[in-house]
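The values are calculated or read from the model by the stated rules, or taken from the named source; none is laboratory data. None of the values given here were measured: they were computed from a predicted structure. All Cβ positions, even for glycine, are placed from backbone atoms using ideal geometry, and neighbour counts span all protein chains on display.
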Amino acid sequence: MIVSDKNSLFVGRSIGDFALCVNGKGSPLINWKDKMRIISAILVLLLVTCIPMIFMLIMTGWAMILNIQKFYSTSNWLLFFIGLAVFVLEIWMIIESVVVLKTVYARDEGLPQAIA
C-alpha cells in the first residue's frame, strides 16, 4: 500500500504526494510512466466529481434565489421562508465543508484513528 500521509482520508492526495515527490522527498519506487498514470487518474477524478459538484451548487443556488424573489413578489410567505431556510442551509454547508477541508489538509498526520 503506497501512502505518504499516515491515516489520510484523501487517497488522491496521499498517492499524489508520494508519486510526485512533494516536500522534497524522492520516490525511487515509481517511474515516470506510473507517475503519469497517477496524475491522469487524479485528473479524471477531478473531472468526474468536482466539476459536476460545482455546477450543481451554482445551478441550485441560482434557482433558489429566483424562487425566493418570486415568492417574495407574490407574497407567498410560507414558501419564501422555506426557500430562504434551504438557501441558508446550502451556504452553511459550503462554508462548513471548506472549513473541514482546510483543517484536514493543514494537519500532516491526517484524520484521527477513530474517524479514519
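Values computed for the structure shown
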read-out: Residue pairs meeting the criteria (Cβ under 7 Å; at least 6 apart or on separate chains; first modelled with pLDDT under 80, in segment 32-54; second aliphatic (A, V, I, L, M) and outside any helix (DSSP H, G or I)); value: LYS35/LEU20
read-out: Residue that is surrounded by the fewest Cβ atoms within 10 Å (Cβ to Cβ), among those in segment 28-73 that are within 24 Å of VAL88 (Cα to Cα) and polar (S, T, N, Q); value: SER73
